[in-house]
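Notes follow the structure.
The values are calculated or read from the model by the stated rules, or taken from the named source; none is laboratory data. These numbers were taken from a predicted model, which means no experiment stands behind them. Please note: Cβ atoms are built from the backbone with ideal geometry, for glycine as well, and neighbour counts cover all protein chains shown.
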Amino acid sequence: MKTVKDILKTKSSEIWSLSPKAMVFDALKMMGEKEIGSIMGIDDNGKVAGIITERDYARKIILLGKASKETRVEEIMTPFDQMFTVKPETTVSDCMVLMTAKKIRHIPVFDREKFVGIITIGDVVKSIISEQEMLIEHLSNYIAGKYV
């Protein structure tokens, strides 16, 4: 069974973050430039304060009539103590269960206390499809007698 660690190996090792004191507009600009859907809020001491996602923007800025250039990230991000997180050894299947049950699309990954990356629902689905395709190929080869 594949794990979060396997997914992280296939992704860029760059971690995008900004200060929770930054404006939401700056977070959106970074997400657009990097083509990502979430950014970690990391304070001046290097500690994870929370996560901001495109969904946070849609629900907590647009729908409430706030301005992204006048609102700080910390005002709308999911704070650290409310985030759902996983470990590198968490299975991809367990991630799918968590993401589905909690209706989340981004999960920060922590190796003990250290933030090591983010996996997305797209990463999880891609991994599951890849594993299923490999299983189908092996079963087809077995049925066709290629393993004699």
Check your understanding: Quick one: Lys29 ticks every box in (1) closer than 29 Å to Ile128 by Cα; (2) part of a helix (DSSP H, G or I); (3) at pLDDT 95 or above bar one, so which box is it?
Key -> (1)
Exercise for review: Determine whether the range 84-91 contains at least one residue that is β-branched (Val, Ile, Thr) and either over 21 Å from Lys9 (Cβ atoms) or at pLDDT below 95 (or both).
Suggested key: no
Exercise for review: Determine which member of the set Met99, Met77 is within 18 Å of the chain's Cα centre (by Cα) and in contact (Cβ under 8 Å) with a residue 40 or more places away in the chain.
Suggested key: Met77
Check your understanding: Which one is surrounded by the most Cβ atoms within 10 Å (Cβ to Cβ), of the residues in the range 24-41 that are in contact (Cβ under 8 Å) with a residue 40 or more places away in the chain and in contact with a Ser or Thr (Cβ under 7 Å, 6 or more places away or on another chain)?
Key -> Val24
Practice item. Please work out if Asp56 is part of a helix (DSSP H, G or I), of a type in the set (D, E, K, R) and either loosely packed, with under 13 Cβ neighbours inside 10 Å or in contact (Cβ under 8 Å) with a residue 60 or more places away in the chain (or both). Key: no
Practice item. Taking the options Glu70, Glu75, name whichever one is part of a loop (DSSP other than H, G, I, E, B), out of contact with any Leu (no Cβ under 7 Å at 6 or more places or on another chain), among the acidic types (Asp, Glu) and modelled with pLDDT of 95 or more. Key: Glu70
**Study point:** Selection from the range 78-104 of residues that are β-branched (Val, Ile, Thr), within 24 Å of Pro20 (Cβ to Cβ) and assigned to a loop (DSSP other than H, G, I, E, B)
**Key:** Thr85, Ile104
Exercise for review: Scan Ile51, Ile15 and give me the residue that is surrounded by 12 or more Cβ atoms within 10 Å (Cβ to Cβ), at pLDDT below 95 and either part of a strand (DSSP E or B) or under 14 Å from the mean Cα position of the chain (by Cα) (or both).
Suggested key: Ile15
Point to revise | Residues (part of a helix (DSSP H, G or I) and closer than 11 Å to Ile7 by Cβ) located in the range 105-124 | key: Gly122, Asp123, Val124
